[in-house]
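Notes follow the structure.
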Amino acid sequence: MKAVDCRNFVVAGHPGCGKTSLCELMLFKSNAVPRLGSVDTKTSVADFMPDEQERKSGIYSAALNCVWRDHNFFFIDTPGYGEFIGECAAAIRQGDAVLTVIDATDGPQVGTARAWKMAKGRRIPRCAFVSRLDRDRASFKTTIDQMRRNHGKSVIIPLYWPAGDGGSSFSRVVNVLFDKDVPPEIADDVAECRALWLDAIAETDDDLMTRYLDGEELSESDIRKGLAAAIQGCRVIPVFAGSAAKDIGVTELMDDIAEFFPSPYRYITVDGAKRVIDESEPALGIVFKSINDPFVGQLTFVRVVTGVFKSDSEVCNLSRPGVKERLGTLFFMNGKLQTPAAEAVPGCIFAVAKLKDTHVGDSLAANPDVVALPGIQFPNPVMSYAVTAVKHGDDDKISAALHKIVECDPAIRLSRNDETHEFLLSGMGDQHLGIVAKRLKDQFKVEANLATPKIAYRETVTGAGDGHYRHKKQTGGAGQFAEVSLKVSYNPDGFVFSNDVVGGAIPRNFIPAVEKGVNEMMTAGPLVGCRVERVKVSVYDGKYHPVDSNEMAFKTASRMAFRDAMAQANPILLEPIMKVTVNIPDSYTGDITGDLNHKRGRVLGMHIDEGLEVVEAEVPQSELSRYATELRSMTQGRGIFEMEFLRYEPVPPNIASQIIAKHQAEHSDAE
């Protein structure tokens, strides 16, 4: 296999647009599989996992490969649902191009925009296949108009135009550049697209531009060369047309993938460094996926960037210095079907079993001196659950199982909140986390309770307080004595401890004990037991005993004096504020902004990105615990959002009183 013969691309798009059906047809037409798979009949090669077959929808990305016109296609079918965006992000990180499938009955959706945004970030070609043109409500022209409103007429250029627009009238596709037999009813559209393509092609080369402007007719070879340059240079987004159900337009698509999609030799890493791509170079690849295979164990998926990986060889993990791995048999994958391979060249995707310390995002190389590739950036979680075991004693089992799941899905995060003392499972939504809970039960035989996590509030003061406490204890023998007077006031720059004692009222060697006592009390404030911040504590007086005073006595006295001062300083609650970015079709803008305002949010602004309305807002974290589910319901699955921590702000008094009352009730019940 030669690297120049490989084509590596990612199939992405909105859920239900026909991605998997297209992939299944490409495998069948190329004789990679003996029969045409179907999602509905649970015979799909790509959606082979039990939970995917149960849902009849993709959850995980599937590595696929076939041979077409002497070219080796390595491509990945990605899930469309926004909650499984981690799978799509990892796939696009390794790919050389993104083919987005768009349903001709619904037009471009949020899944389209998200895939194209990630491809644009990687500076790799973006292409579109407008599918399901055989359906009654399908309209290629309407879909193109919608895409052009988002990106412009000079960027969205159909390479094929359907003969018969929708339903039973759809019979074939016409190549706007090369076909001569053009039905009269689409002749004007084809002519317009041809002119747009010739303009784009001429711009790829100065010589072509000069000849084109001089009125010279470009030859077919000139056009094909310029077309490849325009696509690979990301100047335009070519649009293909067809129907996987009727097998119309798919042959043309596959032919053009072979001819016009970039070869691995053009691969440039996202760090901007142009690497030498050649089979004679030291092998270098990036790990982008990992799964637990029930028969062979952990399977690690690697995209070959340069050089040649061979079976039964040793490689270095550049991301983990000193780690070496032994590669056993390399497999080319079609879903769960494994084909042993002696070697893998640039552009190939192979899987290898039982690597001991290699994870998603790592770089593998034959030579430890090779510079590692940049890792994979996964989106921040937008939803969390507090996890506890249903059965007593299963906590360790759940923790071990979750770490294995995270190994295969880095979009899942595990953490322990030191303030609320909860073990948190975080992901991209309730469906995403629900799949994890189901895997715990089905695969690892443990059940977990998933509950809404507590909010890590903070406490501070708005005034000044003066606290005093004398600690005196006599139990026979040496006693304990310490007296501390201190002041607490608001400090916007954070915590400050000040020793303002004069005259030796408290010896210097006891001041650290006083500060330690204050620090211990700041971990649990007087309102709801949350961490105290933004205060200045000034110790200004005290007393000691030459025999009975010790560090423990001063620490105890400072704790009680601090509590006394806090009570006098008008303590208030602070809540975490999140920066929220919501991507939605513009028809939902009013509903979303109204809902954000209802959640005590502040809408900061709106703009258009990749054809979607982007709403930016600041919202209290306590209002967002179920927002992933709520947004999906409000937008019929057409909205997505991201959030990140911004700062802490005071809780409104009416809400703070409810939180404090609930905290006191819970603690009184516990007592």
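The values are calculated or read from the model by the stated rules, or taken from the named source; none is laboratory data. Everything numeric here is computed off the predicted structure, so don't read it as measured data. We place every Cβ from the backbone using ideal geometry, glycine too, and count neighbours over all the protein chains shown.
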>> With the structure loaded, tell me whether Thr420 is assigned by TED's automatic domain parsing to the domain that holds Asn317 and among the hydroxyl-bearing types (Ser, Thr, Tyr) or whether it fails that test.
In response: no
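Okay, residues lined up against (1) among the acidic types (Asp, Glu); (2) in contact with a helix residue (DSSP H, G or I) (Cβ under 6 Å, 6 or more places away or on another chain):
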position: Pro162; (1), (2): no, yes
position: Pro183; (1), (2): no, no
position: Asp205; (1), (2): yes, no
position: Lys225; (1), (2): no, no
position: Gly242; (1), (2): no, yes
In the set Asp500, Asp493, Asp466, the lone residue that is acidic (Asp, Glu), within 30 Å of Pro650 (Cα to Cα) and touching a helix residue (DSSP H, G or I) at 6+ places or on another chain (Cβ under 8 Å) is Asp466
Filtering the stretch 61-91 down to residues that are modelled with pLDDT under 90 and outside any helix (DSSP H, G or I) yields Gly80, Tyr81
Of the residues in the stretch 8-30, those that are in a loop (DSSP other than H, G, I, E, B) and either at pLDDT 95 or above or in contact with a Leu (Cβ under 8 Å, 6 or more places away or on another chain) (or both) number 1
When the stretch 1-52 is checked residue by residue, the ones that are polar (S, T, N, Q), more than 26 Å from the chain's Cα centre (by Cα) and on the phi < 0 side of the Ramachandran plot are Ser30, Ser38, Thr41, Thr43
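Among the residues of the stretch 488-497, which ones are over 7 Å from Val535 (Cα atoms) and surrounded by fewer than 15 Cβ atoms within 10 Å (Cβ to Cβ)? Lay out the reasoning, then the answer.
First, the residues of the stretch 488-497 that are over 7 Å from Val535 (Cα atoms): 492-493, 497.
If the condition is that a residue be over 7 Å from Val535 (Cα atoms) and surrounded by fewer than 15 Cβ atoms within 10 Å (Cβ to Cβ), then Pro492, Asp493 are the ones that fit.
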Within the stretch 102-138, residues surrounded by 19 or more Cβ atoms within 10 Å (Cβ to Cβ) and closer than 21 Å to Ser169 by Cα come out as Ile102, Asp103, Ala104, Gly107, Phe129, Val130, Ser131, Arg132, Leu133, Asp134, Ala138
If you go through Ser57, Ser61, Ser30, the only one that is crowded, with 23+ Cβ neighbours inside 10 Å and of a type in the set (S, T, N, Q) is Ser61
Taking the stretch 594-633 and keeping only residues that are over 19 Å from the mean Cα position of the chain (by Cα) and of a type in the set (Gly, Ala, Ser), one is left with Gly594, Gly601, Gly605, Gly611, Ala617, Ser622, Ser633
With criteria (1) hydroxyl-bearing (Ser, Thr, Tyr); (2) under 24 Å from Lys120 (Cα atoms); (3) under 23 Å from the mean Cα position of the chain (by Cα), Ser263 comes up short on (3)
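For the subset of the stretch 268-305 comprising residues that are among the hydroxyl-bearing types (Ser, Thr, Tyr) and under 17 Å from Val371 (Cα atoms), which member is modelled with the highest pLDDT?
From the stretch 268-305, those among the hydroxyl-bearing types (Ser, Thr, Tyr) are 269, 280, 290, 300; that's our starting set.
Those left that are additionally under 17 Å from Val371 (Cα atoms): 269, 280.
Working: Thr269: 49, Ser280: 86.
Per the criteria, the residue is Ser280.
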Going through the stretch 480-515 in order, the residues found to be closer than 16 Å to Met566 by Cβ and β-branched (Val, Ile, Thr) are Val484, Val488, Val496, Val514
Just one listed residue, out of Gly375, Gly328, is modelled with pLDDT under 95, within 28 Å of the chain's Cα centre (by Cα) and among the small types (Gly, Ala, Ser), and it is Gly375
Checking Ile577, Ile584, Ile506, Ile572 in turn, the sole residue that is over 25 Å from Ala482 (Cα atoms), in contact with a Gly (Cβ under 6 Å, 6 or more places away or on another chain) and touching a residue at least 40 places away in the same chain (Cβ under 8 Å) turns out to be Ile584
Being among the small types (Gly, Ala, Ser), in contact with a Leu (Cβ under 7 Å, 6 or more places away or on another chain) and closer than 24 Å to Thr251 by Cα narrows Ala63, Ala46, Ala113 down to just Ala46
Counting only residues in the stretch 357-372 that are under 25 Å from the mean Cα position of the chain (by Cα) and not aliphatic (A, V, I, L, M), the one surrounded by the fewest Cβ atoms within 10 Å (Cβ to Cβ) is identified as Asp357
The condition from (1) loosely packed, with under 15 Cβ neighbours inside 10 Å; (2) at pLDDT below 95 that Ala191 misses is numbered (2)
When the stretch 294-324 is checked residue by residue, the ones that are part of a loop (DSSP other than H, G, I, E, B) and of a type in the set (Lys, Arg) are Arg320
In the stretch 124-137, anything of a type outside the set (Asp, Glu) and at pLDDT below 90 is listed as Arg137
